[in-house]
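Everything on this sheet refers to the single structure shown next.
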Amino acid sequence: MARLNEQIEIAGGGAGARHVCRCGRDLGPVTENYKRHALMREGPVQNAGPWVDPHSIGGDRFVCRQFFCPGCLTQLDVEIAQRGEPLLWDARIRMPDEPEGAEGPEGANGPEGASKPEGSEG
Ligand SMILES: [Zn+2]
């Protein structure tokens, strides 16, 4: 079984491959950003640590997003992004039968889909 990172494995193969947390929680198909299926907490960049912009020079242009597994609440990732910027892809798996240049259903959807605790099929 392939591994995306310390917490997330790739289960299955081909078009049906899915992100799965090590607790067994499904985190959506590999064609989507798993962060959309994780719990997200967005806050000031200072949440990343006390050494990050301690004097708020960047104002509120940037945010710190933390992603957690809805099953075990393990932190899956942290990203610093511009406010309103779409979720960042850490890694993107392209399955052998996926056509070259295929895009996931992401795009300019923004982070609002990320807080859904259940992976909605469809
Ligand atoms: Zn989990």
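The values are calculated or read from the model by the stated rules, or taken from the named source; none is laboratory data. From a predicted model like this one, the values you see are computed outputs, not experimental measurements. Methodologically, a virtual Cβ is constructed for each residue, glycine included, from the backbone with ideal geometry; neighbour enumeration extends over all protein chains shown.
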Sole residue being modelled with pLDDT under 95 and under 15 Å from Arg92 (Cα atoms), chosen from Ile57, Ile10: Ile10
Residue list for region 1-31, restricted to those being within 16 Å of the ligand (Cβ to nearest atom), part of a loop (DSSP other than H, G, I, E, B) and over 19 Å from Leu87 (Cα atoms): Met1, Glu6, Arg22, Cys23, Gly24, Arg25
Region 93-104 - residue that is of a type outside the set (A, V, I, L, M) and surrounded by 13 or more Cβ atoms within 10 Å (Cβ to Cβ) and, of those, modelled with the lowest pLDDT: Gly104
Residue within region 32-40 that is away from the ligand (no atom under 16 Å from the Cβ), assigned to a loop (DSSP other than H, G, I, E, B) and within 29 Å of Met1 (Cα to Cα) present: yes
Meets criteria (under 17 Å from the mean Cα position of the chain (by Cα) and modelled with pLDDT under 90) for Leu88: yes
Qualifying residue in region 69-84 (condition: without any contact (Cβ under 8 Å) to a residue 24 or more places away in the chain, part of a loop (DSSP other than H, G, I, E, B) and more than 16 Å from the ligand (Cβ to nearest atom)): yes
